[in-house]
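Report on one structure; see the data block that follows.
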Amino acid sequence: MKGNRLFLRIAHSNKNYLSELSYNKFHSKMETLIPVIINQNGTRNSIIEALSIGLSFEYGSYFGKDMIYFDPFYVGGIDSFIGLREDQMMIDPIVKIASLTTRTKLNNKLFIDLTLNAANLSDIDRWRINHETVFGGGVVLGFRTLLAPFRMGLGISDDINLTGYISIGNNFDPFFFSRK
């Protein structure tokens with residue numbers, strides 16, 4: 001239960017070269033999972049086998065221009081912003097999301113994630129905690145089966161809306177860079 005992941009995407013369109021308009025878009029997401037407790041002695045007198053802290057930060061920008069409505073930043077879902085439905089929110093023109101997660105591994109097949117999120121909805125690069133900040137959080141129970149991982153969760157947004165999640169299989173989209 002450790003590792004790092006970095007996603008970067010840059011899109012450029014120039015009106016002079018077979019495009020309807022000119023725009024630039026940058027999207028990045030950095031995730032890290034840091035082990036805190038690892039029960040290596042093999043004894044089963046401990047409830048947890050491992051505990052890790054996860055940090056995630058997502059940033060996207062149109063470089064000072066207004067949002068391009070056919071290519072927005074989507075936010076929400078079990079893998080993006082727990083507490084919101086899948087792609088519930090479009091953020092413009094700058095997306096800033098921070099997440100803090102504790103992952104508790106109970107055994108080789110079962111884990112629990114507790115996550116807190118914050119997304120800033122302002123149109124400037126600086127992060128301000130004010131009325132333009134949306135909070136959410138939730139709990140996810142994951143189980144590794146022979147066929148595919150299974151996760152179910154419950155999230156809550158800052159306006160006290162509950163959202164349930166079910167995820168079967170790995171979240172792997174080889175065309176993510178060309179969609180959304």
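Brief remarks on what is shown
- Extent along the principal axes, Cα only, for the stretch 70-120: 44, 17, 14 Å, with the longest axis given first.
- Using θ = phi - 60° and Karplus 6.51 cos²θ - 1.76 cosθ + 1.60, couplings along the stretch 151-166 (whole Hz; Gly, Pro as x): 10, 9, x, 9, x, 9, 9, 5, 9, 6, 9, 8, 10, x, 9, 9
- Phi angles of the stretch 50-56 translate, via the Karplus equation with coefficients 6.51, -1.76, 1.60 and θ = phi - 60°, into HN-Hα couplings of 7, 9, 10, 10, x, 10, 9 Hz per residue; Gly and Pro are given as x.
No value in this document is a laboratory result; all are computed from the given coordinates. Computed from a predicted model, the values in this text were never measured in an experiment.
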